[in-house]
Amino acid sequence: MSTFIREVPIKYPYWADEINQEALGKYLKHPSDSAFWPEYELFDVWALGPIMETDASGIFEKTKCAWIVDQLVEYFGPAYTEDNPDGVWQLMTATHFAVGHVEHLNFRVFPHWYGDHSHMDRYTDVTHFLFGIFEAFNEDLCSMMDEMQDKEYEIQGIEDCGNIQCILIGMVDREVITDDYAYDLMHWLGQNDDSAMDNIDDRGCWPSKEQLLTAIDGVRIEKESEAARKALGEPML
């Protein structure tokens, strides 16, 4: 039994019975403006898949990429690496003259290489799976966004915490600027100052230093209050 073709396919949430030949043909063609040649069989057995992220990607693109990666890990296992040669997908970073770095979602199209593409009627499960996802995005984006909502909140939270950590540099000691501390400040602002959590140009929140100073005092007071209650044996809020 081949590593890449299942004798009894498991039930996938997404599946394309017919593969878009025009799109697949582009993925299997070496771009004229690219000079890289990865070690594995790209353009023969593997496809240089769609660009999922760039330096300019906003929350939607990052959420979409992270959600698809979660789906791939759940149904196909870890990405292809030298230590995991049986992986059937991979996020590959490349540079682009116009947008800086790009993340391609590469995937194994064929189970074997026969010297040409005459076997193009036989595709791997991951190919049917990904084209099923691409079709779902094109046909019912609203439903897909509902499905990705938890991932969007997660990505947004990570980006917001990172922004807050950047602003804190120079305001407090660097050893204080941890993920947990940034999350505490973000949570306090979300509860007490909605304007500080506005998404600026799809780049997450960028609270002012004045807002962060207020949040720092607010978090400090809350923690002191919690410590006092704990010392007195009172229930925590």
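A Förster radius of 25 Å, combined with the Cβ-Cβ distance separating TYR183 from VAL73, puts the computed FRET efficiency at roughly 0.55.
Protection proxy ranking of 213-222, 123-132, by the mean of other Cβ atoms within 10 Å over each peptide's residues and highest first, is 123-132, 213-222. When TYR27, TYR181 are sorted by how many other C-beta atoms sit within 10 angstrom of their C-beta, beginning with the fewest, the order is TYR181, TYR27.
Listed by Cβ neighbour count within 10 Å, with the fewest neighbours leading, ILE59, ILE133, ILE169 appear as ILE169, ILE59, ILE133.
Amide H contacts under 5 Å for MET52: GLU103, HIS104, LEU105, restricted to partners 5 or more places along the chain or on a different chain, H placed in the peptide plane at 1.01 Å from N. Cβ crowding within 10 Å ranks TYR12, TYR80 as TYR12, TYR80, fewest other Cβ atoms first.
Coordinate-derived values only; no laboratory data. Keep in mind it's a predicted model, so treat the numbers as computed, not measured. All Cβ positions, glycine included, derive from the backbone under ideal geometry; neighbour counts span all protein chains shown.
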